[in-house]
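Read through the structure below, which is laid out as structure tokens, and then see the notes.
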Amino acid sequence: MIIEAVFVAYIILMIFIGIYEYRKTKGLLDFYLAGKNLGVLVVSFSFFATYFSTAAFLGGGGFGFLAGFQWSAFLIFFHVLFAISAWILIAPPMKKLADKHGALTIPELFKMKYGRIAQVVAALVILFFFQFYMISIYKGAGNLFEVMLNLDYKTGLIITGIVVMLYTAIGGFRAVVMTDLIQGLLILFGGIALFITLMIYLSGPINAINSLQSVDSIINGKDLFEFGKLAPPPIMKAGMVIPFILSLTFAISIAQLASPQLVVRFIAARDDRVIAKGMILTPLIIGLFAICVFSIGPFGWLIIPNYDDPVKYMKNPDLVVPFIAMKLFPIGINALLLTAVIAAAMSTINSLLHVLATSFVRDIVQVGVRISDSLALKLTRLSVFVFALIPLILAIKPPGYIVVIVGLSFSVITAAFLIPLVAALYLEKPAKMPAIASMIVAVVVSIAWYLLYYKTYWIYPVVPGLIASTIAYAVFYGVEAKVVQKVEQV
């Protein structure tokens, strides 16, 4: 009863924030970017909360049950590395460029540098692959309701979808970032609290590690500490554990550099001082959360076998973290953790919905049809509901583990956006055709690799996708330069 009461209070608070921010939303700039007036706490925690969804809590934390500490170590390392890189290399020039041109979305930023075709291509990538990514987050929320509230999986999906679509459609980006601030604090507190409680339960980290090395059941505990030893059976059989672990952790983490739902927060920051302070704060909270949550999975071997058959959790490692939480925390505290993990889901879904709706209206509809700002605002709100329902329906029978779905989605999004984005920010004269070609090639190669070669080599599509995108940009850039040179000579 306590868990239900805490969760209901949380839902009421989120909807109240949506209504409150609705009253402060005066037009498109407010709905799209909160008036470009966000301070460092809101920007940093919104970036953090948007990035860490249920995929982080359940997928990132639970997959270590299968893959051991090699998974934890590389995932933590890449998260911190790319968090620092995003705020140092992407944030300052993006803020400057967006303010100069008045861009409200990432595809619109591409239009300023590459033209309308690049804008539409970028928007189409967002419309398709963000929907795919949202399936994984809905799945995580549904799993959580199953384990912690004993609700039907579909019921959990519906509750999550309705709440998020309501406050996002009503309050726009203001509601998104303000709920993110609260959700981010809950997520960070929940991750730290779970890790500390786990270490106390296991009599400290040294005793926990020693006990884990002594495990001898389905797996040998010492294998959890080995590099290249553990992974899902098909990958172990193929002898591709190291490429799989490195490429998947890389795919998930590098998304911080180019994912539109994340980097759009740089544009919404109040000024350069907010960006400068965010360079310090954001990597710190991301690193702290990553260390706590991504280290939990392997320790499940000291808890789960005492209560349940571990084979069940090897088949679905997304259940490991909520199971541990339910066994370690008393009822009042696990209610807060439930809320934290649900907050992780909602804080990512709301941002994805916002980007989907704004890109659809700003970068697809308004490219072809002239409509007033008031009509555009109404259409954007309506689009939030539509784009929330599609992945919700698909999540009823989702494909694969959460972490696998996220890895594929992040691979395509990162491969498509990173090279054109960096070129737009750092090249004095970025070329149109190379940018368009690099996005299209990245998507095609990433999908083709996943369908044809992934289950042979077990290297995630982000690697070949980024390589292909870089080559495509370089080749077309050279060709375009030669054409321009010949025209000038004539």
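The table that follows gives values for the structure above.
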item	result
Helices (runs of 4 or more DSSP H) wholly inside the stretch 398-458 that include at least 1 residues being of a type in the set (Val, Ile, Thr), surrounded by fewer than 21 Cβ atoms within 10 Å (Cβ to Cβ) and at pLDDT below 90	402-426, 432-452
Residue under evaluation Gln261, criteria (1) out of contact with any helix residue (DSSP H, G or I) (no Cβ under 7 Å at 6 or more places or on another chain); (2) in a helix (DSSP H, G or I); (3) not aromatic (Phe, Trp, Tyr), criterion not met	(1)
Every residue from the stretch 180-220 that is within 18 Å of Ile285 (Cβ to Cβ) and either among the charged types (D, E, K, R) or in contact with a strand residue (DSSP E or B) (Cβ under 9 Å, 6 or more places away or on another chain) (or both)	Asp180
Any chance Thr50 is among the hydroxyl-bearing types (Ser, Thr, Tyr) and either free of Cβ contacts under 8 Å to residues at least 40 places away in the same chain or buried (at least 24 other Cβ atoms within 10 Å of the Cβ) (or both)	yes
Residues (in a helix (DSSP H, G or I), touching a residue at least 24 places away in the same chain (Cβ under 8 Å) and under 27 Å from Arg265 (Cβ atoms)) located in the stretch 282-317	Thr282, Pro283, Ile285, Ile286, Gly287, Leu288, Phe289, Ala290, Ile291, Cys292, Val293
Hey, Val177 touching a strand residue (DSSP E or B) at 6+ places or on another chain (Cβ under 8 Å) and part of a helix (DSSP H, G or I) or not	yes
Which numbered condition Ala103 fails, given (1) in a helix (DSSP H, G or I); (2) in contact (Cβ under 8 Å) with a residue 12 or more places away in the chain	(1)
Residue in the stretch 171-178 that is modelled with pLDDT of 85 or more, among the small types (Gly, Ala, Ser) and over 19 Å from Phe48 (Cβ atoms) present	yes
Candidates Ala118, Ala98 - the one that is farther than 23 Å from Asn316 by Cβ, part of a helix (DSSP H, G or I), touching a residue at least 12 places away in the same chain (Cβ under 8 Å) and out of contact with any Leu (no Cβ under 8 Å at 6 or more places or on another chain)	Ala118
Residue within the stretch 123-132 that is among the small types (Gly, Ala, Ser) and crowded, with 22+ Cβ neighbours inside 10 Å present	yes
Sole exception among (1) more than 30 Å from Thr456 (Cβ to Cβ); (2) in a helix (DSSP H, G or I); (3) more than 20 Å from the chain's Cα centre (by Cα) for Ser203, by number	(2)
Residue in the stretch 474-484 that is surrounded by 15 or more Cβ atoms within 10 Å (Cβ to Cβ) and either of a type in the set (Gly, Ala, Ser) or at pLDDT 85 or above (or both) present	yes
Count of residues meeting criterion [assigned to a loop (DSSP other than H, G, I, E, B) and in contact with a helix residue (DSSP H, G or I) (Cβ under 6 Å, 6 or more places away or on another chain)] in the stretch 6-26	1
Single unsatisfied condition, Arg270 versus (1) of a type outside the set (Ser, Thr, Tyr); (2) closer than 23 Å to Ile196 by Cα; (3) surrounded by fewer than 24 Cβ atoms within 10 Å (Cβ to Cβ)	(2)
All positions within the stretch 358-370 that are buried (at least 24 other Cβ atoms within 10 Å of the Cβ) and touching a residue at least 40 places away in the same chain (Cβ under 8 Å)	Thr358, Ser359, Asp363
Val487 vs. criteria over 20 Å from the mean Cα position of the chain (by Cα), in a helix (DSSP H, G or I), hydrophobic (A, V, I, L, M, F, W, C) and modelled with pLDDT under 90	yes
Candidate set: the stretch 304-345, residues that are among the β-branched types (Val, Ile, Thr) and touching a Phe, Trp or Tyr at 6+ places or on another chain (Cβ under 8 Å); chosen: the one surrounded by the fewest Cβ atoms within 10 Å (Cβ to Cβ)	Ile304
One residue from Val445, Val422, Val441, Val475 being within 22 Å of the chain's Cα centre (by Cα) and more than 28 Å from Lys100 (Cβ to Cβ)	Val445
Filter result for Thr160 (assigned to a helix (DSSP H, G or I), surrounded by fewer than 18 Cβ atoms within 10 Å (Cβ to Cβ), in contact with a helix residue (DSSP H, G or I) (Cβ under 7 Å, 6 or more places away or on another chain) and not aromatic (Phe, Trp, Tyr))	no
Residues of the stretch 52-71 that turn out to be within 18 Å of Ile286 (Cα to Cα), modelled with pLDDT of 80 or more and in a loop (DSSP other than H, G, I, E, B), as a count	1
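For every residue, the table says whether it meets (1) surrounded by 17 or more Cβ atoms within 10 Å (Cβ to Cβ); (2) small (Gly, Ala, Ser).
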residue	(1), (2)
Ile200	no, no
Asn210	no, no
Leu224	yes, no
Ala231	yes, yes
Ile235	yes, no
Gly239	no, yes
Ile254	yes, no
Leu257	yes, no
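Residue-by-condition table, conditions (1) in contact with a Lys or Arg (Cβ under 6 Å, 6 or more places away or on another chain); (2) hydrophobic (A, V, I, L, M, F, W, C):
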{"site": "Met14", "(1), (2)": "no, yes"}
{"site": "Gly27", "(1), (2)": "no, no"}
{"site": "Val42", "(1), (2)": "no, yes"}
{"site": "Phe52", "(1), (2)": "no, yes"}
{"site": "Phe57", "(1), (2)": "no, yes"}
{"site": "Phe77", "(1), (2)": "no, yes"}
{"site": "Val80", "(1), (2)": "no, yes"}
{"site": "Thr105", "(1), (2)": "yes, no"}
{"site": "Met112", "(1), (2)": "no, yes"}
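The values are calculated or read from the model by the stated rules, or taken from the named source; none is laboratory data. Remember, predicted model here, so these are calculated numbers, not experimental data. Here Cβ is always computed from backbone atoms with ideal geometry, including for glycine, and neighbour counts include all displayed protein chains.
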